[in-house]
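Here the structure comes first, spelled out in structure tokens, and everything after it is commentary.
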Amino acid sequence: MAHLIAGRSPRQVLDELLALKIIGWPGRWSAMPEDEEDLKQWYGGLSWEPLWHQNPLQYVRTAPGGRFRFLRHGKARQPVTSISSTVWAVRGETLDENPRLRDVAFERSQAYADAITAELGTPSRQGALDSRDFPVVPRHAPRGGAPRPQRLALWHLDGPGSPLIELTVSLGMGSEERACLASMRIELHCHRAEDHR
């Protein structure tokens, strides 16, 4: 039986995304407090709780129980440049589960994409790794050497300072010659717009 590592509902993910006030990115994320108590109050406005800080990352627990990573480029007091969260992740227990888990990952990613699309509109790009128009992953995506996602949806929002929203699906199953236990992840990333012009 596969192990569910993370699994928020599409509605929870959309609510978290909207709580970020993504349209007002410049004002909202340009000057987060540094003091621990001030930071708790700042996140308290979202009903979120700061967990730990590891420069340049700040980890936060959301009201539905998700976890976000806030990234700044440079030293403290710099603007937040990207916000990321693993919204769904599963690890297989036997090799014969791999095909089913791959299908479940794609179904779940479509459910998340549909929820976001209902609020933000049709993605500007969406596709699978083997499609001819597979979207280009932004060069600042905080993946730390993770493999290229098998599916990706991008929302380029209108309005000054609006960020780029990225929904990715990563599948780890090895190869046909050397299969390994499935490790699937669906991640949501919000990137500062000026980093992707």
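Could you check, for the stretch 160-171, whether at least one of its residues is of a type in the set (S, T, N, Q), open to solvent by less than 40 Å² (accessible area, probe 1.4 Å), closer than 26 Å to Ala19 by Cβ and at pLDDT 80 or above? Scanning the stretch 160-171 turns up at least one residue that is of a type in the set (S, T, N, Q), open to solvent by less than 40 Å² (accessible area, probe 1.4 Å), closer than 26 Å to Ala19 by Cβ and at pLDDT 80 or above. Quick check: anything in the stretch 136-145 modelled with pLDDT of 80 or more and open to solvent by 50 Å² or more (accessible area, probe 1.4 Å)? Taking every residue of the stretch 136-145 in turn, none turns out to be modelled with pLDDT of 80 or more and open to solvent by 50 Å² or more (accessible area, probe 1.4 Å). Whenever a residue of the stretch 162-191 is acidic (Asp, Glu), its partners that are crowded, with 21+ Cβ neighbours inside 10 Å, lying with C-beta atoms within less than 6 angstrom and at least six residues away or across chains, give the pairs Glu166/Leu154; Glu166/His189; Glu187/Thr168.
Name the residue that is surrounded by the most Cβ atoms within 10 Å (Cβ to Cβ), counting only residues in the stretch 98-135 that are of a type in the set (D, E, K, R) and modelled with pLDDT under 85. If we take residues in the stretch 98-135 being of a type in the set (D, E, K, R) and modelled with pLDDT under 85, then Arg125 is surrounded by the most Cβ atoms within 10 Å (Cβ to Cβ). Consider the stretch 40-71 and keep the residues that are assigned to a strand (DSSP E or B), touching a residue at least 12 places away in the same chain (Cβ under 8 Å) and of a type in the set (Phe, Trp, Tyr). The one that is nearest to Val13 (Cα to Cα) is Phe68.
Which residues, taken from the stretch 146-156, are modelled with pLDDT under 75 and open to solvent by 20 Å² or more (accessible area, probe 1.4 Å)? Give the steps one after another, and end with the answer.
First, pick out the residues of the stretch 146-156 that are modelled with pLDDT under 75: 146-149.
Selection gives Ala146, Pro147, Arg148.
Mind listing whichever residues of the stretch 175-197 are modelled with pLDDT of 75 or more and either surrounded by 16 or more Cβ atoms within 10 Å (Cβ to Cβ) or small (Gly, Ala, Ser) (or both)? Result: Ala179, Leu181, Ala182, Ser183, Met184, Arg185, Ile186, Glu187, Leu188, His189, Cys190, His191. Entry remark, the stretch 84-97: residues being at pLDDT 90 or above and touching a Ser or Thr at 6+ places or on another chain (Cβ under 6 Å) number 0 in total.
The values are calculated or read from the model by the stated rules, or taken from the named source; none is laboratory data. Worth saying up front: this structure is predicted, and the values here are computed from it rather than measured. Cβ sites come from the backbone with ideal geometry, for glycine too, and all protein chains shown count toward neighbours. Ligands, DNA and RNA are excluded from the accessible area calculation, which covers all protein heavy atoms including side chains. Shrake-Rupley method; radii C 1.70, N 1.55, O 1.52, S 1.80 Å.
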